[in-house]
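> Once you've had a glance at the structure underneath, I'll fire off some questions.
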2 protein chains.
Amino acid sequence: MNLLRKTIGRIKPLNSDIIKKAQERQDNLTKPRGAFGRLEDLSIKIAAIQNSIKPVIKDKAVLLFAGDHLTVHEENIASAPIDVTTQMMVNFVKYKGAGVNVVAQSVGARVVVTDMGVALDYPKELPIYHKAIERGAKNITKGPAMSYEDAVKCLESGIEVFLEEKKKGLDILAVGEMGIGNTTPSSAIYAFITGQDVDSVTGPGAGIIDEKIRRKREVVKKAIELNKPEITDGIDILAKLGGFEIGAMAGAMLGAASEKTPVMIDGFIATAAALIAIKVAPECEAYLIPAHHSAETGYGKVMDFLKQKPLLDLGMRLGEGTGALLGISLAEIAVNILNDMTTFQEAAVVVAAERHTI
Amino acid sequence: MNLLRKTIGRIKPLNSDIIKKAQERQDNLTKPRGAFGRLEDLSIKIAAIQNSIKPVIKDKAVLLFAGDHLTVHEENIASAPIDVTTQMMVNFVKYKGAGVNVVAQSVGARVVVTDMGVALDYPKELPIYHKAIERGAKNITKGPAMSYEDAVKCLESGIEVFLEEKKKGLDILAVGEMGIGNTTPSSAIYAFITGQDVDSVTGPGAGIIDEKIRRKREVVKKAIELNKPEITDGIDILAKLGGFEIGAMAGAMLGAASEKTPVMIDGFIATAAALIAIKVAPECEAYLIPAHHSAETGYGKVMDFLKQKPLLDLGMRLGEGTGALLGISLAEIAVNILNDMTTFQEAAVVVAAERHTI
């Protein structure tokens, strides 16, 4: 609890002086004011988060947290066998042929994988942070997903992984996940925290249909009714409705906010983690940037709740941090615009020199 | 006319066999089917355009065409003095501090500038293609912007620049422009070709307001009424309502289509050029990819007309090919996904090997 408390204490509001200065610089670049649209706002936000008028995006990483969920397998609403979480996690670091590997390579980000509690064994010598709590979060239709102490442990594991990676250089991060069945706890978190109707935030996930979706909605309703989380306590919500990887993602977000590092939020599940992080420490919200509009049912409602609009909407619904990585590539361009374009003042010299040459 | 005719003759429909094979590969990659959303469609389109199941995006360029427009200066509806077109064109190649320079550098594309008819002198030794027709397209409220012969020349200049650059290596291109006053002819082309009401496709451009917008709309209406272009003849529409850089952009698009090279279409003005190109050779449409939803009034209506939806919507309205360059960065990631992700067949081996190791 000590690391969590300390981390929360270090999260500060954004520096309004930097926001003002960055806005002034944007307004003086050689283009019509506002012509780069949301990229201008993005550059200003990153400047404010990094507390620097010359923000830097050089070292990039996607932090992937993996965990299983007994709920969907015991309740028979899973889109894939439980083995797939472990297999894909191994694929990320050993065979490197997954979606996230290709997108991370394209964007120049390293892939960092943490086992928060997958169901199967795997070779322990693989480059994976071993932070497993148990071999899958418990069935939330029968009780909480984990104990309150384990929820704290999840959050602190996410913080630890972030701090370890920060030491290696980390100017911006993408947060993503792998976990068969993790749209189910995410929908429960969405419905409980935002107060939205369960059906409106519970969809097909990775591809279940009809009767299974209907049962998934029953599962989410039952989980909320049975566990009765305390709405003011993000840790309690995580313990009762969440999952290990969701908690670790929230922890990584808190860690990043405590170290003035911008976080690109991936799709549906990462946003559930963001809701937890914001419950635990509301000031962290300023450090989180929704990257891609998940195609999963209910995502838009949560964006409305957060008064946010993601940068991209390409109909993606993969997870793995892929949407967040696309957001990083936009952030890098936005920061280059702020740093490298000439201002009207500089251009006045240019124009004068040019007239002379002609 | 010979080069134009020859180029049009070489534009072929996309290869449906490649589309089928690329779709099959996408469906077999280790992810839920369709999970990369529009990036999957984009990768398939680029494969089909390049006529290869292994499309390549290595050499990239933004082709910028510059030209002035006497209309807006004589009618007093310009957002900036006529000098700015030439100054910015010089800035692109000499001082390299413009928006397009920064975004092109970020995306790894070279910036290629062509003078199609700017108003001022500039040092001729600068690395600029010199294809100027005259020092600005004529006032379209008093007659055509240029002669029919000059319209053909514009198109052929665009083809020539494209072919020259293709020799240096060019796997995908962005097409953009610089030209104070060029939203006015673009609005005229939008209204005339799509049949939309002039007011609904004529907006503030780079920043004029109120009375000037009202006058701009009168100018556009007058230009269409006076010049009466022939709706079936793209060259005639270009001559009567267009501009030199708009014609060259359309020519570059035709050239690219004739050489199986995908073209990312920038915002408002590039889309007017695309409308001309499609009128001249309807088969070229399959090679054009709208990149960014321009914030300028009426852009959305033209997308509806073309039954297209651009990839990005970041509220940008700069031009200079910047939106198209962002599209190229997405195209590169899309192609990497198609080429570099492992298929389920490959993963089956992976999974078997893994089970053995565990």
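> Could you grab the relative contact order for chain B? Cα pairs under 8 Å, six or more apart, rounded to a whole percent. Mind dumping the intermediate values first?
Working: 753 pairs, mean separation 87.3, N = 358.
Relative contact order here is 24 percent.
> List the distances, in nm and shortest first, from the label point of B:K54 to the matching label points in every other copy, placing each point 7 Å from Cα along the Cα-to-Cβ direction.
Distances between equivalent label points, in nm: 4.3.
> Roughly what % of DSSP beta bridges within the protein assembly as shown run antiparallel, to the nearest 5?
5 percent
> Using a 10 angstrom cutoff on alpha carbons, build the Gaussian network for chain A and name the most mobile of A:T342, A:T271, A:T85.
For chain A, modelled as a Gaussian network with Cα springs under 10 Å, the answer is A:T342.
> Give the accessible surface of chain B per residue, rounded to a whole number of Å², with probe radius 1.4 Å and ligands, DNA and RNA excluded.
35 Å²
> Going Cα to Cα from B:K131, which lysines come in below 16 Å? Please leave out same-chain ones fewer than 8 positions away.
Leaving aside lysines fewer than 8 places away in the same chain, those within reach of B:K131 are B:K153.
> Another question about this same structure. Quick check for you: which residues of the stretch B:53-78 have the amide N under 11 Å from the point 7 Å beyond the Cα of B:K96 toward its beta carbon?
none
> Continuing with the same structure: Which ³J(HN,Hα) values in Hz, rounded to whole numbers, follow from the phi angles of the stretch A:132-142 under the Karplus curve 6.51 cos²θ - 1.76 cosθ + 1.60, where θ = phi - 60° and Gly and Pro get x?
Values, residue by residue: 4, 8, 8, 8, x, 5, 6, 5, 6, 8, 10 Hz.
> Need one number: buried accessible surface between chains A and B, 1.4 Å probe, both sides summed, DNA, RNA and ligands left out, in Å² to 100.
Approximately 4200 Å² gets buried when A meets B.
> For a quick check: with amide H placed at 1.01 Å from N, whose amide H comes under 5 Å from A:L29's, ignoring anything fewer than 5 positions away on the same chain?
Those lying under 5 Å, H to H, from A:L29 are A:F344.
> Report in % the part of the accessible area of the stretch B:60-332 that belongs to carbon and sulfur, leaving out ligands and nucleic acids; probe 1.4 Å.
Here it works out to 51 percent.
> May I ask for the net charge around B:I333, where only other residues with Cβ less than 12 Å from the Cβ of B:I333 are counted and Lys, Arg are +1 while Asp, Glu are -1?
-2
> A further question on this structure: Work out the charge dipole of the stretch B:243-326 with +1 on the Cβ of Lys and Arg and -1 on the Cβ of Asp and Glu about the Cα centre, then indicate which of B:A286, B:L254, B:G267 is farthest towards its positive end.
B:A286
> Here's a follow-up. What per residue convex hull volume, in Å³, do the alpha-carbon atoms of the stretch A:196-330 yield? Could the numbers behind the result be given before it?
On the way: hull volume 13.9 nm³, N = 135.
Hull volume normalised by residue count: 103 Å³.
> Report, by chain and number, residues whose modeled amide H sits under 5 Å from the one on B:L312, excluding near sequence neighbours (fewer than 5 apart, same chain).
For B:L312, the qualifying residues are B:H292, B:H293.
> Which distances, in nm and shortest first, link the B:D17 label point to the same label point in every other copy, taking 7 Å along Cα→Cβ?
6.8
> Could you pull the Cα extents of the stretch B:60-332 along its three principal axes, largest to smallest, in whole Å?
44, 42, 36
> Under a Cβ-only charge scheme (Lys and Arg +1, Asp and Glu -1), can you give me the dipole magnitude of the protein assembly as shown about the Cα centre, in debye to the nearest 20?
220 debye
> Search the structure for amide H atoms under 5 Å from the amide H of B:A61, placed 1.01 Å from N in the peptide plane, and list their residues when 5 or more places away or on another chain.
B:R110, B:I172, B:A174
> Find out how many positive minus negative residues lie around B:G181, taking Lys and Arg as positive, Asp and Glu as negative, among other residues whose Cβ is under 14 Å from that of B:G181. Please report the intermediate quantities before stating the final value.
On the way: positive: B:R135, B:K138, B:K212, B:R215, B:K216; negative: B:D68, B:E74, B:E75, B:D83, B:E177, B:E245, B:E296.
Here the charged neighbours net out to -2.
> Using the Cα centre of the stretch A:1-136 as origin and beta-carbon charges of +1 (Lys, Arg) and -1 (Asp, Glu), tell me which of A:A109, A:T30, A:I44 is placed farthest towards the positive end of the dipole.
Selected residue: A:T30.
> Summarise the partner chain shielding of A:321-331 as one whole number: the mean count of Cβ atoms from other chains within 10 Å of each residue's Cβ. Walk me through the intermediate numbers first.
Numbers: counts 0, 6, 2, 0, 1, 4, 0, 0, 7, 6, 0.
Taking all residues of A:321-331 together, the mean is 2.
> Could you work out the relative contact order of the stretch B:212-358? I mean the mean sequence separation of Cα pairs under 8 Å and 6+ apart, divided by the number of residues, in percent.
That works out to 18 percent.
> Here is a further query. B:G117: net charge of surrounding residues, Cβ under 10 Å, Lys/Arg +1, Asp/Glu -1, itself excluded?
It works out to a net charge of -3.
> Follow-up. Applying 1/(1 + (r/R0)^6) with R0 = 41 Å to the Cβ-Cβ distance of A:E24 and B:M303, what FRET efficiency is obtained, to the nearest 0.05?
Taking R0 as 41 Å, the efficiency between A:E24 and B:M303 is 0.75.
> Based on Cβ point charges of +1 for Lys and Arg and -1 for Asp and Glu, what charge dipole magnitude is obtained for the stretch A:118-235 about its Cα centre, in debye rounded to the nearest 20?
320 debye
> Hey, another quick one. Taking a cut-off of 22 Å between Cα atoms, list the lysines near A:K45, but don't count ones fewer than 8 places away on the same chain.
Cross-link targets: A:K12, A:K20, A:K21, A:K31, A:K54, A:K58, A:K60, A:K166, A:K260, A:K279, A:K307, A:K309.
> Return the Rg/Rh ratio of the stretch B:1-65 with Cα-based radii and a Kirkwood Rh.
Radius of gyration relative to Kirkwood radius: 1.11.
> Rounded to whole angstrom, how close does the nearest chain B beta-carbon get to the axis mapping B onto A, and which residue is it?
Residue with the nearest Cβ, plus whole-Å distance, for chain B: B:S329, 3.
> If you don't mind, there's one more thing I want to ask. In square angstrom, rounded to the nearest 10, how much accessible surface does A:R38 have for a 1.4 Å probe?
60 Å²
> Turning to a different aspect of this structure: Using +1 on the beta carbon of Lys and Arg, -1 on that of Asp and Glu, and nothing else charged, what's the dipole of the stretch B:60-332 about the Cα centre, debye to 20?
Details: 28 positive and 35 negative charges, 48 e Å.
In total the dipole reaches around 240 debye.
> Which distance in Å, rounded to a whole number, links the C-alpha centroids of the stretch A:130-194 and the stretch B:193-251?
55 Å
> Give the share of C-alpha pairs in each 20 angstrom bin for the protein assembly as shown, from 0 to the last occupied bin, in whole percents, shortest bins first.
18, 46, 29, 7, 0
> Turning to a different aspect of this structure: Relative to the longest principal Cα axis of chain B, at what angle does helix B:322-340 sit, 0 to 90 degrees, rounded to 10?
Its long axis makes an angle of about 20 degrees.
> Just the number, please: percent antiparallel of the DSSP beta bridges in chain B, rounded to the nearest 5.
Roughly 5 percent of the beta bridges in chain B run antiparallel, per DSSP.
The values are calculated or read from the model by the stated rules, or taken from the named source; none is laboratory data. Please read all numbers here as calculations on a predicted model, not as lab measurements. Cβ: placed from backbone, ideal geometry, glycine included. Neighbour counts: every protein chain shown. These accessible areas exclude ligands, DNA and RNA; they are computed on the full protein's heavy atoms, side chains included. Shrake-Rupley method; radii C 1.70, N 1.55, O 1.52, S 1.80 Å.
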